[in-house]
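Readers should treat all values here as calculations from the given coordinates under stated rules, not as data from a laboratory. On a predicted model such as this, the values are computed, not experimentally measured, just so you know. Please note: Cβ atoms are built from the backbone with ideal geometry, for glycine as well, and neighbour counts cover all protein chains shown.
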Amino acid sequence: MAAGRLPVANFDQTGPDLFGHRFKLTATALEQFGAMLRAASPGPAQPSVSLVVVEPMLWTRFDQGPDGMRTTVHISGAQPGDLVLVSGEAVVTEIAARRLTFGQAVERGVVRLYGTAPQIAQFLRNYSDVGASDRADETSQKPAFSLASAAAGLPDFASMQSHPVGTAPAELGCTPDHTEISFHQGERK
């Protein structure tokens, strides 16, 4: 997925994972990413987002709970109307470790967004800085251009999208039970 543009996930290992150590580390990175989304959330009622980590086909959902955005790791797939993010373990780990922002991941093409153009634009406006370092040194964390500005209407934004503006994304393939699901109609095939 990252095609050599990111380091290997810091918990990448060879051989069998007998005790689920890799899953636990991936789940921890996803929980941290969810906490970062919650902290950056501009208001109490944010739309739901589903993320699939491609290597283990692990789905996670970030949705509105009574106390703000909550993270649910290991779900069966996205719900109808969700914005869907597709990425890899190394990307989520780098964002959670504050070595990469979500906006930089989009710019590098190591995360894809599937949903309506307004959903994508709003998510990028609200969360492109998630993963930014708390350090005073911002030079390594500053994106080449502002995704928030791009999402607000610059022409380059359309070329960054995972699907053409105004068209629905193709169905994303696999859920844990290996059936296809239409994210727009909620039907299993």
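If I stretch the segment between ASP67 and ARG108 completely, what's the gain in nm (0.36 nm per residue apart, minus their alpha carbon distance), one decimal?
Here the answer is 11.5 nm.
Here the calculated FRET efficiency for SER76 and ALA39, from their Cβ-Cβ distance with R0 = 25 Å, stands at 0.40, rounded to the nearest 0.05.
If you filter the stretch 7-114 for chymotrypsin sites (Phe, Trp or Tyr not before Pro), then keep DSSP loop positions with at most 14 other Cβ within 10 Å, what is left? Sparse-neighbourhood loop chymotrypsin sites (Phe, Trp or Tyr not before Pro): PHE19.
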